[in-house]
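Engineer: Would you mind keeping the following structure in view while I ask a few things?
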């Protein structure tokens, strides 16, 4: 499930929580990765973080990362959703906080169909992992529009345009710094990917180039998804497994080549990927937190880089 929020002339794209049930609990996994495992102390040292630049990272019930945020001085725990292009989202499940309401707007699905209505809002301050931003706008919406499980809201990469961030799901840590990326990182531990500029209306979300099932493609990376998908047009010849769930077809041993190195992914759901128009290659793969949680994920929007290290 994926959704987008249309506000004024800008598209707000949000990561979604998916239903958690026995049938839906099957998630993609990394069967093989050509990287040496990296401990939390190792990546802190290699990527140049100090202890004072670390923050708690928790996981939602669906496995997506969450961080502590202050909205006008009120502490909230919101998803850290790299699929949210701009602003922030607060749902009616969140504790109350000071804000003023603005124009209501339409919520759209990724294919452009109408999902519902949300209410614009504005806060005097929002503090996200060590930095406070003034006079920021977001949206207030019913959590049921986006998820089968209650959640309080989400923040995206709009709050990290001048900073880089590293997410270590397993260690429960997020590192944030204004320092530039190190010039050299050990190739056996770190995979350095160039980010592809998304269409302007999609803001600051993550795409990179890859080979998926031996074909040139674009890969979309979204911490707000708790599952990963492969488009049917890239699934030819891959091992197929059918299961009694909403997503019936799963693909095994899917080769994904990133920066010249090949990973094998299991249990990728087969589903059309309806996003990413305007690229010179199709978007073949969506990587959610089921896969990304196996890595320490470093995002530097300024440098247009994404670094992956295999979590120990």
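Engineer: For the structure I just gave you, tell me whether residue 254 is free of Cβ contacts under 8 Å to residues at least 40 places away in the same chain, under 28 Å from residue 169 (Cα atoms), touching a strand residue (DSSP E or B) at 6+ places or on another chain (Cβ under 9 Å) and surrounded by 15 or more Cβ atoms within 10 Å (Cβ to Cβ).
Structural biologist: no
Engineer: Given the residues 148, 118, which is the only one that is out of contact with any strand residue (DSSP E or B) (no Cβ under 9 Å at 6 or more places or on another chain) and either at pLDDT below 95 or crowded, with 19+ Cβ neighbours inside 10 Å (or both)?
Structural biologist: It is 148.
Engineer: While we're on this one: So, in segment 211-226, of the ones that are touching a helix residue (DSSP H, G or I) at 6+ places or on another chain (Cβ under 8 Å) and assigned to a strand (DSSP E or B), which residue ends up farthest from residue 237 (Cα to Cα)?
Structural biologist: 221
Engineer: In this structure, does residue 222 turn out to be at positive phi and buried (at least 17 other Cβ atoms within 10 Å of the Cβ)?
Structural biologist: For residue 222, the condition - at positive phi and buried (at least 17 other Cβ atoms within 10 Å of the Cβ) - is not met.
Residues are listed down the side, and each one gets a yes or a no for (1) at positive phi; (2) assigned to a loop (DSSP other than H, G, I, E, B):
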{"position": "63", "(1), (2)": "yes, yes"}
{"position": "77", "(1), (2)": "no, no"}
{"position": "95", "(1), (2)": "no, yes"}
{"position": "133", "(1), (2)": "no, no"}
{"position": "144", "(1), (2)": "no, no"}
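Engineer: Within the bounds of segment 236-245, is there any residue that is in contact (Cβ under 8 Å) with a residue 60 or more places away in the chain, crowded, with 20+ Cβ neighbours inside 10 Å and more than 17 Å from the chain's Cα centre (by Cα)?
Structural biologist: no
Engineer: It is to be established whether one or more residues within segment 3-18 are under 20 Å from the mean Cα position of the chain (by Cα), modelled with pLDDT of 75 or more, in a strand (DSSP E or B) and crowded, with 17+ Cβ neighbours inside 10 Å.
Structural biologist: Among the residues of segment 3-18, not one is under 20 Å from the mean Cα position of the chain (by Cα), modelled with pLDDT of 75 or more, in a strand (DSSP E or B) and crowded, with 17+ Cβ neighbours inside 10 Å, which makes the answer no.
Engineer: Something else: Can you tell me which of (1) part of a strand (DSSP E or B); (2) at pLDDT below 95 is the one residue 111 doesn't meet?
Structural biologist: For residue 111, the exception is condition (1).
Engineer: Test residue 247 against the criterion of being farther than 30 Å from residue 200 by Cα, in contact with a strand residue (DSSP E or B) (Cβ under 8 Å, 6 or more places away or on another chain) and assigned to a loop (DSSP other than H, G, I, E, B), and give yes or no.
Structural biologist: yes
The values are calculated or read from the model by the stated rules, or taken from the named source; none is laboratory data. Bear in mind that the values here come from a model prediction, so they are computed numbers and not experimental data. When we count neighbours, we look across all protein chains shown, and the Cβ atoms used for this are built from the backbone with ideal geometry, even at glycine.
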